[in-house]
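Colleague: My structure is below; once you've seen it, I'll send some questions.
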Amino acid sequence: MDKLKAKSYAKINLALDVKGKRDDGYHFVEMVLQSIDLYDKLEFEMCDDIFLECDRKDIPTDRSNLIIKAADLLKREFGGYGVHIRLEKNIPIAAGLAGGSSNAAATLVALNKLWNLNIKLSVLKDLAVSLGADVPFCIDGGTKVASGIGDVLQDLHTPNLKLLIVKPHISVSTKDVYTEYDNLSFIENNYTKNMVDAINSGSIMNICMSLGNDLERITIKKYPIIGDIKKTMVERGALGTLMSGSGPTVFGVFDDSAKLGVAYDSFVADGFYAYISNTIDKGIELYE
Ligand SMILES: C[C@@](CO)(OP(=O)(O)O)[C@H](O)COP(=O)(O)OP(=O)(O)OC[C@H]1O[C@@H](n2ccc(N)nc2=O)[C@H](O)[C@@H]1O
Ligand SMILES: Nc1ncnc2c1ncn2[C@@H]1O[C@H](COP(=O)(O)OP(=O)(O)O)[C@@H](O)[C@H]1O
């Protein structure tokens, strides 16, 4: 085989607690991470060096791209070959949806197969964290309880949720949000424990009442429009709503497809990026 394709899925955070800080500046977290049916497409074709092309001009295609970093990592550590990668970008960038992390994870899994490296998944996940804290999750995807810096993962049942994803036209630096978090007084919320109990209860209402993210107040303070979107989302029929990760993307949980469709049309008419999605039980899909 000299060609392979991959779908690289986005994620949202159903819960996010910051629990402390490591000496290297990374934060200890507890989270419920959830893959959603919004994905980038990557095409991998064997060739004599590592190349990347992308359909978006605002994505770097040099060594700063997480896709190139992942390919270089495998080549350096396991003696890979060359590959020409084409990226079709659909996941909003710097949005709190782990688009870059997901692309890195897809590259590790796809090149492991294309280059016949036969690396065990557990080894691939250990490698993945050097590319980003969320990259290990993106390899398996689905619904996971994450701890450590987001790299220690436990399986959880995937709830079936109808989602509306809305993003204002701003990009947020994850690093800046975590840094700003340190300047505020610490509040322990235990959102993740409550969310695990809610998911295990099987009740969508319990899930909606348990949505919580410690980083939300940081990003909303800088971009109040995120709070406005949350309020409007509920007015337009969402049972619950939350900012994902470091933001600025907001998601709403709906139990009525008609209301979801009307809310989608309204946010698009308001000039926002919007996307109708649902929860899925995988992070990457390889196909030929
Ligand atoms: C906030 C979360 C929630 O899922 O996701 P996003 O909002 O980025 O999607 C993650 O914790 C983001 O994971 P990821 O985006 O992979 O972070 P990385 O690239 O590894 O780190 C970017 C920067 O964020 C900070 N960082 C990240 C993760 C973590 N547990 N503690 C941190 O302090 C560090 O300053 C780091 O330099
Ligand atoms: N393949 C990629 N896709 C998206 N962003 C990338 C990629 N490679 C590197 N980046 C950089 O990573 C940052 C955003 O990462 P992303 O995962 O989209 O954000 P978030 O983690 O907030 O969802 C941006 O600075 C972007 O330039």
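Computed from the coordinates by the stated procedures, all read-outs in this text should not be read as laboratory data. Just so it is clear, the structure is predicted and the values come from calculations on it, not from any experiment. Using ideal geometry, Cβ is built from the backbone for each residue, glycine included, and neighbour counts are taken over all protein chains shown.
Colleague: Starting at the first residue of segment 83-88, write each ³J(HN,Hα) from the Karplus equation 6.51 cos²θ - 1.76 cosθ + 1.60 with θ = phi - 60°, in whole Hz, x for Gly and Pro.
Modeller: With coefficients 6.51, -1.76 and 1.60, one gets 7, 9, 10, 10, 10, 9 Hz.
Colleague: Could you give me the ³J(HN,Hα) list for segment 238-245, computed from phi with Karplus coefficients 6.51, -1.76, 1.60 and θ = phi - 60°, whole Hz, x at Gly and Pro?
Modeller: Per residue, the Karplus-derived 3J(HN,Hα) values read 5, 7, x, 8, 7, 7, 8, x Hz.
Colleague: Once the Cα atoms of helix 99-114 and of the chain are each reduced to a long axis, what angle between those two axes, in degrees from 0 to 90 to the nearest 10, is obtained?
Modeller: Around 30 degrees separate the two axes.
Colleague: To continue, here is another question. Mind listing the Cα extents of the chain along all three principal axes, in Å, largest one first?
Modeller: 54, 43, 35
Colleague: Please list the non-local residues whose amide H lies under 5 Å from the amide H of residue 83, H modeled 1.01 Å from N, same-chain partners needing a gap of 5 or more.
Modeller: 47, 49, 50, 51
Colleague: With just the Cα atoms defining each centre, how far is segment 209-257 from segment 23-79? Give it in Å.
Modeller: Going from one Cα centre to the other spans 27 Å.
Colleague: Here's a follow-up. Work the Kirkwood hydrodynamic radius out for segment 162-278: mean of 1/r over every pair of different alpha-carbon atoms, inverted, in Å.
Modeller: 14.8
Colleague: Using the structure shown, select from 113/282; 5/175; 3/41; 167/282 the pairs with a Cα to Cα distance greater than 20 angstrom.
Modeller: 5/175; 167/282
Colleague: So who's got an amide H within less than 5 Å of the one on residue 240, skipping anything under 5 residues away but keeping other chains? H placed 1.01 Å off N, in plane.
Modeller: It is 253, by chain and number.
Colleague: Could you size up the charge dipole of the chain around its Cα centre, putting +1 on the beta carbon of Lys and Arg and -1 on that of Asp and Glu, and report it in debye to the nearest 20?
Modeller: For this selection, approximately 160 debye.
Colleague: Also, quick follow-up: Which listed residue (171, 199, 250) has the Cα farthest towards the positive end of the charge dipole for segment 162-278, taking +1 on Lys and Arg C-beta and -1 on Asp and Glu C-beta about the Cα centre?
Modeller: Of the candidates, 171 comes out farthest on the positive side.
Colleague: I would also like to ask the following. Calculate the dipole size of segment 219-276 relative to its Cα centre from +1 charges on Lys and Arg beta carbons and -1 charges on Asp and Glu beta carbons; express the result in debye to the nearest 20.
Modeller: 280
Colleague: Within 10 Å of each residue's Cβ, count the other Cβ atoms and sort 152, 253 from fewest upward.
Modeller: The fewest-first ordering by Cβ neighbours comes to 152, 253.
Colleague: Cut-off under 13 Å on the C-alpha distance; same-chain residues fewer than 8 positions from residue 259 excluded. Which aspartates and glutamates are left, in chain and number order?
Modeller: 235
Colleague: How would you order 239-248, 277-286, 114-123 from highest to lowest mean count of nearby Cβ atoms within 10 Å?
Modeller: Result, highest mean Cβ count within 10 Å first: 239-248, 277-286, 114-123.
Colleague: If neighbour count is taken as other Cβ atoms inside 10 Å, put 174, 249, 143 in order from fewest to most.
Modeller: Ranking 174, 249, 143 by Cβ neighbours within 10 Å, fewest first, gives 174, 143, 249.
Colleague: With contacts defined as alpha carbon pairs under 8 Å and 6 or more residues apart, what's the relative contact order of the chain in percent?
Modeller: 26 percent.
Colleague: Here is a follow-up. Quick one: Karplus J couplings for segment 21-34, per residue in order, coefficients 6.51, -1.76, 1.60, θ = phi - 60°, nearest Hz, x for Gly and Pro?
Modeller: For segment 21-34, the Karplus-derived couplings read 9, 8, 4, 7, x, 6, 9, 6, 9, 10, 8, 10, 9, 9 Hz, x marking Gly and Pro.
Colleague: What aspartates and glutamates sit close enough to residue 222 to cross-link, taking a C-alpha to C-alpha distance under 14 Å and skipping anything fewer than 8 places away on the same chain?
Modeller: 176, 180
Colleague: Can you show me the helix-derived [θ] at 222 nm for the chain, built from DSSP H runs with n ≥ 4 at -39,500 (n - 2.57) apiece and divided by the number of residues, rounded to the nearest 500.
Modeller: -10000 deg cm²/dmol
Colleague: Placing unit charges on C-beta atoms (Lys and Arg positive, Asp and Glu negative, everything else neutral), compute the dipole magnitude of segment 162-278 about its Cα centre in debye, rounded to 20.
Modeller: Charge dipole of segment 162-278: 120 debye, to the nearest 20.
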